[in-house]
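Working notes, beginning with the structure itself.
The values are calculated or read from the model by the stated rules, or taken from the named source; none is laboratory data. These numbers come from a predicted model, not from an experiment. Cβ atoms come from the backbone with ideal geometry, glycine included; neighbour counts cover every protein chain shown.
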Amino acid sequence: MRAVATAALFLALPFAAAAQDKGTETKIGGLKATTPADWKKEKPANLLRSYQFRLPEVKDLPGAEVAVFPESHPNPDKSFPKWKNQFVPPEGKTIDDIAKVSKWDVKGATVTVLDVTGTWKFKERPQDPASKEMLLDNYRVVWVIVAENDEATHIRLSGPVTSVEPQFKAFEAWVKALK
């Protein structure tokens, strides 16, 4: 009996691993996409987030984070200036020198992206004046607005540059896969 149970366990292991390798189906507004399999789903840090993922660590640095904020403002002209102000440009440069903006369409939505690398003035609760600001050097933050009509979802990929770089293509592919 024990041999049968052990054999059944070994036979089930590949199927369990395959189930874990699928990623997480996420709902972004009225659209859906499945995350890369190596993104670890976490309990959202606060009620403003619908999803939160920890991405793999790189070279003893913390892994990057992806956070999804539903029911957000659809206009980049309102959000991007606030997000740009969270960065300190290097001496001799402006925030617009270090910020890249791009835009594309996915089925049923417009995606606008703000990508900034440098010193991030991070606050756990950006709207709370009591929240302590931390200066995080050599960070990259990619903010995405997925706008469907008058509704939007904001997505943020953030972390040390060396943690974000290897994950960026998978992140971009995930957003572009929204349907």
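Annotations
- Residue in segment 51-95 that is farthest from Ala147 (Cα to Cα), counting only those that are out of contact with any Lys or Arg (no Cβ under 8 Å at 6 or more places or on another chain) and hydroxyl-bearing (Ser, Thr, Tyr): Thr94
- When segment 52-91 is filtered for residues that are touching a His at 6+ places or on another chain (Cβ under 9 Å) and in a loop (DSSP other than H, G, I, E, B), only His73 remains.
Here's the yes/no breakdown for (1) among the hydroxyl-bearing types (Ser, Thr, Tyr); (2) more than 17 Å from the chain's Cα centre (by Cα):
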position	(1), (2)
Ile98	no, yes
Trp104	no, yes
Lys123	no, no
Ile145	no, no
Glu148	no, yes
Thr153	yes, no
Val175	no, no
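- Complete set of residues in segment 42-73 that are out of contact with any Pro (no Cβ under 9 Å at 6 or more places or on another chain), surrounded by 15 or more Cβ atoms within 10 Å (Cβ to Cβ) and at pLDDT below 95: Ser72, His73
- Contact map, segment 126-145: residues that are under 19 Å from Val66 (Cα atoms) paired with residues that are of a type in the set (Gly, Ala, Ser), Cβ distance under 6 Å, separation 6+ or inter-chain. Pairs shown: Val141/Ser158; Ile145/Ala152.
- Verdict on Asn138 being under 20 Å from Pro160 (Cα atoms) and either surrounded by fewer than 17 Cβ atoms within 10 Å (Cβ to Cβ) or touching a Lys or Arg at 6+ places or on another chain (Cβ under 7 Å) (or both): yes
For every residue, the table says whether it meets (1) under 19 Å from Lys40 (Cβ atoms); (2) among the charged types (D, E, K, R).
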site: Phe87; (1), (2): no, no
site: Asp115; (1), (2): no, yes
site: Asp137; (1), (2): no, yes
site: Ile145; (1), (2): no, no
site: Ser163; (1), (2): yes, no
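- Meets criteria (surrounded by fewer than 15 Cβ atoms within 10 Å (Cβ to Cβ), β-branched (Val, Ile, Thr) and assigned to a strand (DSSP E or B)) for Val101: yes
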